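Comments concern the structure below.
Each value in this text was obtained by applying a stated rule to the coordinates, not by laboratory testing. These numbers were taken from a predicted model, which means no experiment stands behind them. Glycine also receives a Cβ, built like all others from the backbone with ideal geometry; neighbour counts cover every protein chain displayed.
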Amino acid sequence: MLYDNEKTGGSQVIMSTLCNKDKGRQMLLLSGCRQCRICLQQCPLHKGKGAGVTMKMALPQGCIHCGLCLGRCPQKAIDYQDDIELFLQDLAKGRQISLLVAPAVRRHFKDYRQVFGFLQSLGVRKFYNVVLRADITLWAYAQILSSNYGKPFISSPCAAVTDYIMNHMPALRSHLMPVYSPLVCSAVFLKKYRQLDDDLAFLSPCIAKRGELRRSGSKIQYSVTIGKLKQYIVERGIDLSRYEAVDFADSKEGQGITLGANGSGCTSLNQQLPDRRFKKVSGSGVYSYLAEYEAALMAGDSLPDLLEIYNCEAGCDSGTGTGKMLPGVLPQTSAVGNVDLRQEVAAAFASFNRTLTIADYIWPEIKCYDTHGKDRRRI
Ligand code: SF4
Ligand code: SF4
């Protein structure tokens, strides 16, 4: 076995959630658990429930892989599994794999280009910046908002929140924006519009993305978290400074002019659709916020045209799968915030209208719940 990420400090896994039948376990409960239930105080599904619910019982009951329990356990009895082991094995077998990379990578390594150099030495072919294709995701959002006046939508790139709505809040399913996340939009764009033939892996800040990859048609085969990659590098004593700096294959295309520039989809969309209302919420309170949202929806109250919503308070750069900062690495600031690029974004969206087919970026699993506006030019 190249790398066993199912054991922590010699502990054995005593319970896990299933990602799917083929890819095995995801959240892991280890043998050090003392059933104190501290972890469940944060769980969106089980907090406030009686002492009869233990973590062993809770994990198989619809866990959304939000990771809110992960850092809470005093016994360090909670861990998670990603695809790093399979990814390394397949690279060693010579499989052609390129990497889609979350912008969080810049925050978590002294020089991400040396990490790419190391991964290239293992066989990774090219590195692509996911935040660039957030421009496509937001273009699709703008199209759908423009042709569905009056319907409140909820953003869908946060895998934990989307999982929560899909599996635990059926009344909100048809309000999820039926557009792939920037990650899956990247895969679609590179495969269809750039004719990339390689298998794809995602270098991810998020535990829950592994489930999204399976739900969106396995366009990306591996979810490798930044946290598990750091752990691998530290445990193997890999000296990253020995590796040549390798940059993104698409580095000349910049950082994107929507999410990459503003750090918020709402800001860019509001510049394009000033007559619509947008709201952004993040952090562990979003799950109780969704209950209020549902009540307002049922009561016919006014809601924002788009609710942009994230599980992690500080956004994906500090996502649940990023792990501890490495020694000597200072976190870099990420998104700029409130940059006014409205003309550039308008020009990019106009260009996408001519060159992209929106149906390629529609997420069928969400779209199938849509019962709204069949006579309103719904995409
Ligand atoms: S906090 Fe840790 S020890 Fe306590 S119930 Fe949760 S997993 Fe078990
Ligand atoms: S990952 Fe989230 S949903 Fe799953 S057990 Fe932990 S807190 Fe609960």
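Applying 1/(1 + (r/R0)^6) with R0 = 22 Å to the Cβ-Cβ distance of Arg277 and Cys368, what FRET efficiency is obtained, to the nearest 0.05?
In this case the efficiency is close to 0.25.
Quick one: 3J(HN,Hα) in Hz for region 339-350, Karplus 6.51/-1.76/1.60 with θ = phi - 60°, rounded, Gly and Pro as x.
Values, residue by residue: 7, 8, 10, 4, 6, 5, 5, 4, 5, 5, 4, 5 Hz.
Using amide H atoms built in the peptide plane, which far-off residues or other-chain residues are under 5 Å from Arg25 H to H?
Cys19
How large is ³J(HN,Hα) for each residue in region 258-270, as worked out from phi by the Karplus curve 6.51 cos²θ - 1.76 cosθ + 1.60 (θ = phi - 60°), to whole Hz, x for Gly and Pro?
Once θ is set to phi - 60°, the couplings for region 258-270 become 10, 4, x, 8, 9, x, 8, x, 4, 4, 5, 5, 5 Hz.
Tabulate in residue order the Karplus-calculated ³J(HN,Hα) for region 57-64, using 6.51 cos²θ - 1.76 cosθ + 1.60 with θ = phi - 60°, rounded to whole Hz; enter x for Gly and Pro.
Going residue by residue, I get 7, 5, 4, x, 9, x, 3, 9 Hz, with x marking Gly and Pro.
Would region 13-81 count as rounded, prolate or oblate if I go by the C-alpha gyration tensor, calling it rounded below 1.5 in a/c and otherwise prolate when a/b exceeds b/c, oblate otherwise?
It is prolate, given that a/c is not under 1.5 and a/b is the larger ratio.
Checking the cross-link filter: which aspartates and glutamates have an alpha carbon closer than 13 Å to that of Lys280, excluding same-chain neighbours under 8 positions apart?
The qualifying aspartates and glutamates are Asp305, Glu308, Glu313.
Trypsin sites (Lys or Arg not before Pro), restricted to region 252-337: which are DSSP loop and have at most 12 other Cβ atoms within 10 Å?
Sparse-neighbourhood loop trypsin sites (Lys or Arg not before Pro): Lys324.
With no solvent and one equal point scatterer placed on each C-alpha of the chain, evaluate the Debye formula and give log10 I(q)/I(0) for q = 0.07, 0.09, 0.10, 0.14 Å⁻¹, two decimals.
Evaluating at q = 0.07, 0.09, 0.10, 0.14 Å⁻¹ gives log10 I(q)/I(0) of -0.31, -0.51, -0.64, -1.27.
How compact and how long is region 90-151, expressed as Rg and Dmax of its alpha-carbon atoms in Å?
17.2, 52
Over 23 Å between C-alpha atoms is what I'm after, so list which of Lys47/Lys230; Lys93/Lys228; Lys110/Lys228; Lys126/Lys209 land there.
Flagged as over cut-off: Lys47/Lys230.
What residues from region 102-138 fall in the zone where the backbone N is under 16 Å from a label point 7 Å along the Cα-to-C-beta line of Ala314?
103-110
How big is the gap, in Å, between the Cα center of region 81-108 and the Cα center of region 250-271?
25 Å
Could you check the simple spin-label distance between Lys191 and Val234, using points 7 Å along Cα→Cβ, in nm with one decimal?
3.5 nm
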